[in-house]
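Novice: This is the structure I have questions about; it appears just below.
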Amino acid sequence: MPEQHPPGGARPRALRRAARKTAAVGVSLAALAAAATAGAGPAAARPRTAPAAAPGCGAASTIEQKLTTGTTWRMCWHYDSKAGLVLENVSYQPKGETKPIKVLNSARLAQVHVPYDDGKHEYYDLTGQGFAQELMTLSPSECPGGTIKTVKVPDGDPRNPNVKGLCTTTRSRGHAYRMHDVVQSDKTYQQQGKDLLVYTVNQVGWYEYITEWRFQDDGTVAMNVGATGSLSWEDYNAQDGRGWPIGKNARDYATSHSHNVFWRLDFGLDGSSGTKVEQYDSTVSAPSGRQEGPTARTTRTKPAKEFAGDYKTYRWWRMVSATGKNKDGHARSYELVPGPTTKYPGRPFTKHDLYVTQYDKCELFASDNPRCASGHPKSVDKWVNGQTLTHPVVWVNVGFHHIARDEDQQPMPVHWQGFSLAPRDVTAMNPLTPKELAWQNGHWEWRS
Ligand SMILES: [Cu+2]
């Protein structure tokens with residue numbers, strides 16, 4: 001019989017780490033004091049005083065960054081005692097837009113579920129393992145060119161309640177576009193894209209999770225969790241089929257396991273929570289009659305009620321603004337762009353890639369949800385129960401089956417899992433379009 005571990009069971013390393021922390025407190029305080037006098041880092045994503053459209057949370061809780069390509073992202077942040085970093089009132093303002101365009105009411109992690117393949121351990125890292133409390137102090141070199149904000153950690157170490165653990169910085173991501181204008185100017189238009197990055201590192205057991213939010217100058221938002229640190233020292237007794245030999249010969253088998261990460265997104269497009277969900281499916285058919293090639297037809301469905309969704313080839317979803325249109329009169333929306341995932345069928349709440357539920361303020365974690373009244377179902381799969389969606393909340397589940405490899409030691413290379421949100425008709429053209437090409441909207445024609 002596999003040993004039973006309740007969701008709240010502590011990961012074995014917690015005690016050991018607490019001891020280590022005690023020894024490090026003196027150093028941490030000294031480092032904090034030094035950092036406080038040193039002030040913000042270079043090229044800081046510093047909050048402006050009285051920005052034109054501050055998200056309304058005060059300078060200390062504001063992240064505002066105008067990227068060099070002209071796009072501004074604004075948001076509020078706070079730190080939750082279980083979810084860790086929470087972003088709120090996120091807005092996007094590309095050049096050419098006079099006002100910020102609100103995208104999200106809130107965005108947060110909603111669970112990191114880690115079941116081991118031998119059935120001996122099953123961890124709920126956010127709600128059961130003190131993920132938020134183990135916020136790591138970041139050194140300036142791991143937030144290059146950015147600012148490390150101080151986070152007051154709820155229920156954290158009372159001797160070290162304030163952790164310099166939230167990095168905001170910018171990064172180049174390579175080409176945003178490239179186009180050689182062969183018709184008119186023989187000019188090559190190219191732009192190197194810029195991103196705002198917002199991240200924390202949280203330690204859970206032997207693992208460290210990097211929770212990264214990436215806000216691109218083209219309006220894309222990417223959210224990823226990177227697992228690093230060390231393989232779990234306690235989980236080395238597996239056999240063939242449940243683990244992988246690590247170290248000399250085939251003596252020590254690291255137990256395989258899954259990391260099922262959930263995000264919770266509350267969209268507030270153009271300031272309205274009444275976003276509409278649309279699902280698109282395409283069917284490809286072989287050529288018939290005199291058609292030159294196969295055909296594809298795309299159909300839209302509009303789920304009016306809560307649902308659990310699954311990716312399949314040619315399927316995608318978008319969240320459509322209830323009120324906002326771009327300058328071409330098209331409804332603004334954000335499309336969910338999946339990342340690679342291995343869906344874990346072992347628990348009801350991990351069986352689907354996506355859940356869309358009607359907003360309920362106590363429903364914050366996809367499983368082991370602690371804040372609802374007793375009797376309220378604990379997991380997201382149970383919240384899909386036929387309510388009409390007037391304020392949809394989107395839950396995205398991205399799984400990774402981790403079969404360890406020799407390269408996982410030591411330290412373990414970061415393994416990323418996540419997804420992104422791509423703007424669809426938020427602006428009438430590419431938000432980075434250069435002035436000379438701004439006329440090329442619609443069925444453009446050559447001009448001589
Ligand atoms: Cu792992």
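Novice: List the strands (runs of 3 or more DSSP E) inside region 321-409, counting only whole elements, that have at least 3 residues being closer than 23 Å to ALA222 by Cα and touching a His at 6+ places or on another chain (Cβ under 6 Å).
Specialist: Per the criteria, no element qualifies.
Novice: Enumerate the pairs (first residue in region 290-305 and farther than 20 Å from ALA322 by Cα; second residue anywhere and exposed (fewer than 10 other Cβ atoms within 10 Å of the Cβ) and of a type in the set (D, E, K, R)) with beta-carbon separation below 9 Å, excluding pairs fewer than 6 apart on the same chain, so at least 6 apart or on different chains.
Specialist: Between residues of region 290-305 that are farther than 20 Å from ALA322 by Cα and residues that are exposed (fewer than 10 other Cβ atoms within 10 Å of the Cβ) and of a type in the set (D, E, K, R), there is no close pair.
Novice: The conditions are (1) crowded, with 18+ Cβ neighbours inside 10 Å; (2) within 23 Å of the chain's Cα centre (by Cα), and ASN326 fails exactly one of them. Which is it?
Specialist: Exception for ASN326: condition (2).
Novice: Can you tell me how many residues in region 417-448 are more than 30 Å from ASP353 (Cβ to Cβ) and aliphatic (A, V, I, L, M)?
Specialist: 5
Novice: Let me confirm something: among THR323, THR427, which residue is in contact with a Pro (Cβ under 8 Å, 6 or more places away or on another chain), among the polar types (S, T, N, Q) and touching a residue at least 24 places away in the same chain (Cβ under 8 Å)?
Specialist: None of the others qualify; the one that does is THR427.
Novice: Turning to a different aspect of this structure: Can you name the residue in region 365-379 that is within 22 Å of the chain's Cα centre (by Cα) and of a type in the set (Ser, Thr, Tyr) and is also surrounded by the fewest Cβ atoms within 10 Å (Cβ to Cβ) among such residues?
Specialist: So, considering only residues that are within 22 Å of the chain's Cα centre (by Cα) and of a type in the set (Ser, Thr, Tyr), the one surrounded by the fewest Cβ atoms within 10 Å (Cβ to Cβ) is SER379.
Novice: Report yes if THR127 is closer than 23 Å to GLU234 by Cβ and modelled with pLDDT of 95 or more, otherwise no.
Specialist: yes
Novice: Give the residue that is nearest to TYR311 (Cα to Cα), with candidates limited to residues of region 379-404 that are out of contact with any helix residue (DSSP H, G or I) (no Cβ under 9 Å at 6 or more places or on another chain) and within 11 Å of the ligand (Cβ to nearest atom).
Specialist: In this case the residue turns out to be PHE400.
Novice: Among the residues of region 405-431, count how many are among the charged types (D, E, K, R), within 14 Å of the ligand (Cβ to nearest atom) and crowded, with 17+ Cβ neighbours inside 10 Å.
Specialist: Looking only at that region, the number is 1.
Novice: Within region 106-129, is even one residue surrounded by fewer than 24 Cβ atoms within 10 Å (Cβ to Cβ), outside any strand (DSSP E or B) and either among the polar types (S, T, N, Q) or free of Cβ contacts under 8 Å to residues at least 60 places away in the same chain (or both)?
Specialist: No - not one qualifying residue is present in region 106-129.
Novice: May I pose another question? Name, by its number, the condition in (1) within 30 Å of LEU87 (Cα to Cα); (2) of a type outside the set (Gly, Ala, Ser); (3) more than 11 Å from the ligand (Cβ to nearest atom) that does not hold for HIS259.
Specialist: Evaluating HIS259 over (1) within 30 Å of LEU87 (Cα to Cα); (2) of a type outside the set (Gly, Ala, Ser); (3) more than 11 Å from the ligand (Cβ to nearest atom) leaves (3) as the failure.
The values are calculated or read from the model by the stated rules, or taken from the named source; none is laboratory data. Worth saying up front: this structure is predicted, and the values here are computed from it rather than measured. All Cβ positions, glycine included, derive from the backbone under ideal geometry; neighbour counts span all protein chains shown.
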